[in-house]
1. Could you give every pair whose Cβ atoms fall below 9 Å, whose first residue belongs to the stretch A:258-277 and is touching a residue at least 40 places away in the same chain (Cβ under 8 Å), and whose second residue is part of a helix (DSSP H, G or I) and among the basic types (Lys, Arg), counting only separations of at least 6 or pairs across chains?
2. Is it fair to say B:ARG195 is of a type outside the set (Asp, Glu), on the phi < 0 side of the Ramachandran plot and in contact with an Asp or Glu (Cβ under 9 Å, 6 or more places away or on another chain)?
3. If you check B:GLY208 against the conditions, is it part of a helix (DSSP H, G or I) and within 8 Å of chain A (Cβ to nearest Cβ)?
4. If a residue counts only when it is within 12 Å of another protein chain (Cβ to nearest Cβ) and open to solvent by 20 Å² or more (accessible area, probe 1.4 Å), which helices (runs of 4 or more DSSP H) contained entirely in the stretch A:1-112 have at least 3 such residues?
5. Pick out the one residue from A:SER90, A:SER75 that is in contact with a Pro (Cβ under 7 Å, 6 or more places away or on another chain) and in contact (Cβ under 8 Å) with a residue 12 or more places away in the chain.
6. Taking A:ILE122 as meeting all but one of (1) within 17 Å of the chain's Cα centre (by Cα); (2) more than 9 Å from chain B (Cβ to nearest Cβ); (3) among the hydrophobic types (A, V, I, L, M, F, W, C), write down the number of the exception.
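The values are calculated or read from the model by the stated rules, or taken from the named source; none is laboratory data. In this text the structure is predicted, and so the values were computed from the model without any measurement. Here the Cβ is made from the backbone with ideal geometry for all residues, glycine too, and neighbour counts use every protein chain on show. What goes into the accessible areas is simple: the full protein's heavy atoms, side chains included, and nothing from ligands, DNA or RNA. Shrake-Rupley method; radii C 1.70, N 1.55, O 1.52, S 1.80 Å.
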Amino acid sequence: MLASIPSSRYFRGAYHAYVAAFFVYLAAPLTVVAVFAFNDSLFPAMPWKGATLGWFLGEKSPQLGIFHDTELLESILVSLQVAVCTTVVSLALATCNAFLFERHDFPGKNLLYVLMLTPLVIPGVILGVSVLVFSSSIANWVEETFSYDLEALRPGLVLVVIGQFAFITTIATLVISARLRKFDVSLEEAALNLGASHFDVLRTITLPFLKPALVGAGIVSFLMSFENFNTTLMLVGSDAPLTIAMFDRLREGSTPVLNAVSLLLMAGSGGLAALSIFVRRKDE
Amino acid sequence: MKPQHFKFGLALLLTPILLWLTLLIALPHVDMAMISLRERVSAGTYAFSWSNYTAFFTEPLYWRTFMRTAVMSIMATALTLLIAFPISFYIAKVARGRLRPLLFLLCLVPFWVSELVRTYGWMILLRETGVLSSLLQWLGWVDGPVEMLYQDATIMVGLVYTSMLFMVVPLVSTLDSLDDSLIEAAYDLGASHWRVMRDVVIPHAAPGIVSGCIVVFMLTLGNYLTPTLLGGKDSLWFTEQIYTQFITRFNWEQGSAFGILLLILSSLIVWIGLRLSRQSFTKVMS
């Protein structure tokens with residue numbers, strides 16, 4: 001209860017204990033993943049057999065470390081490619097959307113705004129499946145009509161990017177719109193009065209103002225794409241992004257090399273999270 | 001000249017968003033609905049049919065899995081709310097000074113990490129040779145290794161963990177807007193802890209509770225990773241059925257029907273939630 005309200009010492013003690021237990025619950029799975037990356041055993045399990053860096057640096061099987069595990073390294077590269085593409089495309093469309101919703105009025109604007117939000121309430125698996133079904137329909141039609149196989153619309157990385165882009169755009173739009181709403185339009189008008197062209201105004205005034213939101217939305221999009229599983233699972237072809245490669249290994253039962261990858265992932269997303277908080281701080 | 005220019009700009013901005021929503025959201029779902037309503041007669045020829053939907057209602061495995069997924073998602077949502085509420089109240093009302101943003105940030109941290117990594121952590125904790133099993137043996141509470149994976153309770157632990165953020169954030173922001181003096185006034189007027197909660201705090205937090213519950217329910221219903229990894233072969237989650245039909249059995253007609261059914265259930269719950277709380281969709285989502 002509030003500090004200003006008297007309450008029994010037991011109640012207060014129990015409440016604090018509950019909060020402490022909650023944070024232990026939050027931290028537990030991440031902690032064990034990190035700790036077992038250093039366990040000198042072939043299984044990510046008890047007992048503890050002493051510390052090693054083998055799951056990072058190990059050069060040959062059975063203790064093949066992440067820096068020499070070409071399969072996982074390649075999947076990281078695939079994920080990076082997908083994430084960069086998705087981020088760039090999503091940011092471009094999201095910026096257009098933000099200008100559309102914040103600067104323009106047109107009939108049906110509210111309806112369009114609601115439609116823009118719908119990807120958030122479609123479960124990721126279904127979004128993936130629907131994109132898969134539709135793109136195959138198109139590819140089949142093209143093949144029957146022009147007898148040309150449209151490789152890009154068959155399960156593969158292009159489709160993964162398309163599927164992720166379909167919902168990440170919404171999130172990026174929300175972030176950029178929120179910032180654009182705070183912009184004082186008189187700044188643009190002043191610049192136009194002083195003889196700047198529309199393009200100059202956009203380049204020297206509006207976009208610099210939007211930069212923190214663009215960076216923030218970019219980081220969020222990148223992470224969401226990199227870590228996406230549900231939509232990706234349905235659209236993936238022969239090149240597996242990291243989450244899919246890790247999932248396959250997990251089901252087979254894997255060595256602690258997965259812990260090492262996870263630790264690197266945690267460090268990566270932690271760094272990006274810190275960066276996005278830093279950008280937001282500077283902005284305020 | 002000006003309005004002309006403006007209209008051109010509008011058209012330029014409308015084109016990409018309309019293309020996106022039509023080609024990637026609307027048409028794929030229409031196509032999926034159409035495929036779910038057809039039946040393969042022979043190679044390459046299809047006929048209209050409800051058979052994929054009748055199969056869902058006549059095959060007990062299908063609709064039981066569906067119901068089980070729905071019921072477990074509701075339970076997971078309720079549990080998440082129960083666990084998150086005291087925590088959110090602590091962050092919004094009890095914690096002081098620098099502790100507040102710190103605790104809030106700590107709640108966010110796990111969700112910057114991939115769901116796969118989080119679930120993997122639970123597997124290491126709960127498996128037969130896992131940390132918790134060893135701890136229990138070391139304490140002498142059990143005689144041999146205990147397998148805690150592949151049970152419904154384990155799936156629940158994972159689902160609640162994965163959903164926590166989406167409950168804590170809306171709760172903290174609504175509780176934050178509740179003026180402390182209202183709570184104090186209620187106490188001054190002689191209300192008990194319970195009455196203050198029931199008559200002051202919970203009504204004020206209702207919008208946050210509803211939007212948290214909607215998002216958590218939706219995410220749980222559509223989850224694939226957590227039930228599959230923590231529940232093993234017998235987890236019987238509906239998204240797994242969809243995956244099996246599409247990828248393993250290559251029965252896209254049946255899989256599409258399942259997808260549509262899950263989408264209907266999920267939209268229905270969102271709609272009911274919004275109705276009950278009289279909130280607009282736009283406000284809850286942004």
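1. A:LEU258/A:ARG249
2. On the way: of a type outside the set (Asp, Glu): yes; on the phi < 0 side of the Ramachandran plot: yes; in contact with an Asp or Glu (Cβ under 9 Å, 6 or more places away or on another chain): no.
No.
3. On the way: part of a helix (DSSP H, G or I): yes; within 8 Å of chain A (Cβ to nearest Cβ): no.
For B:GLY208, the condition - part of a helix (DSSP H, G or I) and within 8 Å of chain A (Cβ to nearest Cβ) - is not met.
4. On the way: elements: A:9-35, A:54-57, A:70-103.
It comes to A:9-35, A:70-103.
5. Details: A:SER90 fails: in contact with a Pro (Cβ under 7 Å, 6 or more places away or on another chain).
The match here is A:SER75.
6. Against the list (1) within 17 Å of the chain's Cα centre (by Cα); (2) more than 9 Å from chain B (Cβ to nearest Cβ); (3) among the hydrophobic types (A, V, I, L, M, F, W, C), A:ILE122 comes up short only on (2).
Per-residue answers, yes or no, for (1) of a type in the set (A, V, I, L, M, F, W, C); (2) free of Cβ contacts under 8 Å to residues at least 24 places away in the same chain; (3) within 20 Å of A:PRO119 (Cβ to Cβ); (4) open to solvent by 10 Å² or more (accessible area, probe 1.4 Å):
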site: A:PHE146; (1), (2), (3), (4): yes, yes, no, yes
site: A:LEU187; (1), (2), (3), (4): yes, yes, no, yes
site: A:ASN193; (1), (2), (3), (4): no, yes, no, yes
site: A:HIS198; (1), (2), (3), (4): no, yes, no, yes
site: A:PRO208; (1), (2), (3), (4): no, yes, no, yes
site: A:GLY216; (1), (2), (3), (4): no, no, yes, yes
site: A:SER221; (1), (2), (3), (4): no, no, yes, no
site: A:ASN230; (1), (2), (3), (4): no, no, yes, yes
